[in-house]
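Colleague: I am attaching a structure below and will ask some questions about it afterwards.
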Amino acid sequence: MSSPFFKRAVRVLAATLSAAALAIGAAGCGSGKSGNTASSANSNDVTQQTMMPGTLTIGTGQPTYEPWVIGDKPETGKGYEAAVSYAVAEKMGFKKSQVKWTRTTFDQAVAPGAQKDWDMNIQQFSITPERKNAVDFSPSYYNETQSVVVLKNGKYANTKSLSELKKGTIGSMVGTTSYDFTISKIKKDVKTFNDNAALAQALDSNQIDALVVDTPDAVYMVQSGQVKNAKVIGQIPGSEDKDGMGIVLPKGSKLTPAVTKAVNALQKDGTITKLQHEWLKEYTTDIPMLEK
């Protein structure tokens, strides 16, 4: 992180008090909002490597949905992603009071070159090679499948196969793994929407015949009434995301090794499995698999 100027200054003025003053000044000039450049380059304390030393700023969606976050209040730690976030933070050495939440859009969080005013971001980001070019990822904390939601009184209410859906108008959220599986497993002509709220509204208003989202979101849409009089007709065979969902960090973040270590430790000690059982069980079981 040190510049050539900084190194020369240290060599020439190391014996004087003014060298220390210049070093402090150089560090101040290097501070910024992006990544973790505000922290001391010489510190080994992970809690001091964050955008605001001593505070772990976590980005998530606006709004958030169950079962990922309960009641759109991630600060409660209730919901799978909220609970995972606090478990990761604790492994890194942060107290709950040292975690600050902020809201971002999904696309902005993984956009190349976009400002990252957070240390890490969690909102069901699938780990993909394309996104890895723009951001860092933690190891997977969940490997989801995709499911299809239709209206109970719609023409696909009793559909049991993907082949029957090919004639329908299918919707999915742009830039997501759900979209990728929809075009690869059902049909290439898919109506896209910017977020799941718009997607749900489209089905609710009969703009589309069916929508595809990850299975927990599909169950939540039905249970919460986000789409009225709807049902999940089944999971898409072969749609399990092998790479899974990861926590996003700014590209080259100093925190990436620590977050990776924390998630791996939570996998090894069984915490991730325990949290999935606590928060995701009712959203993933008893959902039939559609025929091809």
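The values are calculated or read from the model by the stated rules, or taken from the named source; none is laboratory data. The structure displayed is predicted, hence computed values, not measured ones. All Cβ positions, glycine included, derive from the backbone under ideal geometry; neighbour counts span all protein chains shown. Note: accessible area is taken over every heavy atom of the protein model, side chains too, but ligands, DNA and RNA are not part of it. Shrake-Rupley method; radii C 1.70, N 1.55, O 1.52, S 1.80 Å.
Colleague: Which is touching a strand residue (DSSP E or B) at 6+ places or on another chain (Cβ under 8 Å), more than 22 Å from ALA198 (Cβ to Cβ) and buried (at least 23 other Cβ atoms within 10 Å of the Cβ), of SER172, SER161, SER178, SER138?
Modeller: One residue alone meets the criteria, SER138.
Colleague: Would you tally the residues in region 235-274 being closer than 16 Å to ILE127 by Cβ and of a type in the set (Lys, Arg)?
Modeller: 2
Colleague: Please list, ordered by residue number, the strands (runs of 3 or more DSSP E) wholly in region 143-238 having 1 or more residues that are touching a Gly at 6+ places or on another chain (Cβ under 8 Å).
Modeller: 146-151, 191-193, 210-214
Colleague: Can you tell me which residue in region 144-158 is farthest from GLY244 (Cα to Cα), limited to those that are open to solvent by less than 60 Å² (accessible area, probe 1.4 Å) and out of contact with any Ser or Thr (no Cβ under 9 Å at 6 or more places or on another chain)?
Modeller: Top of the filtered list is GLY154.
Colleague: What's the total number of residues in region 228-264 that are of a type in the set (A, V, I, L, M) and within 18 Å of the chain's Cα centre (by Cα)? Walk me through how you get there before you give the answer.
Modeller: Just the residues of region 228-264 that are of a type in the set (A, V, I, L, M), to begin with: 230, 232-233, 236, 245, 247-249, 255, 258-259, 262-263.
Still in the running and within 18 Å of the chain's Cα centre (by Cα): 245, 247-249, 255, 258-259, 262-263.
The total comes to 9.
Colleague: Quick check, is LYS116 of a type in the set (D, E, K, R), surrounded by fewer than 19 Cβ atoms within 10 Å (Cβ to Cβ) and either at pLDDT 95 or above or over 13 Å from the mean Cα position of the chain (by Cα) (or both)?
Modeller: Details: of a type in the set (D, E, K, R): yes; surrounded by fewer than 19 Cβ atoms within 10 Å (Cβ to Cβ): no; either at pLDDT 95 or above or over 13 Å from the mean Cα position of the chain (by Cα) (or both): yes.
So LYS116 fails the test.
Colleague: Which one is most open to solvent (accessible area, probe 1.4 Å) among residues in region 218-234 that are closer than 18 Å to LEU162 by Cα and among the β-branched types (Val, Ile, Thr)?
Modeller: It comes out as VAL232.
Colleague: Would you check which residues across region 244-292 are part of a loop (DSSP other than H, G, I, E, B) and open to solvent by 20 Å² or more (accessible area, probe 1.4 Å) and list them?
Modeller: The initial filter retains those residues of region 244-292 that are part of a loop (DSSP other than H, G, I, E, B), namely 244, 246-247, 251-255, 269-270, 280, 285-288, 290, 292.
Once the filter is applied, which keeps residues that are part of a loop (DSSP other than H, G, I, E, B) and open to solvent by 20 Å² or more (accessible area, probe 1.4 Å), region 244-292 yields LYS251, GLY252, LYS254, ASP269, GLY270, THR285, ASP286, ILE287, PRO288, LYS292.
Colleague: Let me ask something else. Which of (1) open to solvent by 30 Å² or more (accessible area, probe 1.4 Å); (2) in a loop (DSSP other than H, G, I, E, B); (3) touching a strand residue (DSSP E or B) at 6+ places or on another chain (Cβ under 7 Å) is the odd one out, the single condition ASP241 does not satisfy?
Modeller: Answer for ASP241: the failing condition is (1).
Colleague: Still on this structure: Are any residues in region 60-79 surrounded by 23 or more Cβ atoms within 10 Å (Cβ to Cβ) and closer than 19 Å to SER97 by Cα, and if so, which ones?
Modeller: Within region 60-79, THR60, VAL69, PRO74, GLY79 qualify.
Colleague: Right, next: Can you name the residue in region 181-200 that is of a type in the set (S, T, N, Q) and closer than 24 Å to TYR80 by Cβ and is also least open to solvent (accessible area, probe 1.4 Å) among such residues?
Modeller: The extreme case among them is THR182.
Colleague: A further question follows. Select from region 34-59 the residues that are more than 20 Å from the chain's Cα centre (by Cα), modelled with pLDDT under 95 and hydroxyl-bearing (Ser, Thr, Tyr) and write down the one among them that is surrounded by the most Cβ atoms within 10 Å (Cβ to Cβ).
Modeller: Among those that are more than 20 Å from the chain's Cα centre (by Cα), modelled with pLDDT under 95 and hydroxyl-bearing (Ser, Thr, Tyr), it is SER39.
Colleague: Right, another one. Inspect all residues belonging to region 201-213 and state whether any of them is within 25 Å of THR57 (Cα to Cα), surrounded by fewer than 18 Cβ atoms within 10 Å (Cβ to Cβ) and in contact (Cβ under 8 Å) with a residue 12 or more places away in the chain. Step through it out loud before you land on a result.
Modeller: Our first condition is that a residue be within 25 Å of THR57 (Cα to Cα); within region 201-213, this holds for none.
Scanning region 201-213 turns up no residue that is within 25 Å of THR57 (Cα to Cα), surrounded by fewer than 18 Cβ atoms within 10 Å (Cβ to Cβ) and in contact (Cβ under 8 Å) with a residue 12 or more places away in the chain.
Colleague: I would also like to ask the following. Applying the selection to region 86-119, what residues are among the hydroxyl-bearing types (Ser, Thr, Tyr) and either touching a Cys at 6+ places or on another chain (Cβ under 9 Å) or in contact (Cβ under 8 Å) with a residue 40 or more places away in the chain (or both)?
Modeller: Taking region 86-119 and keeping what is among the hydroxyl-bearing types (Ser, Thr, Tyr), we get 86, 97, 102, 104-105.
Matches in region 86-119: THR102, THR104, THR105.
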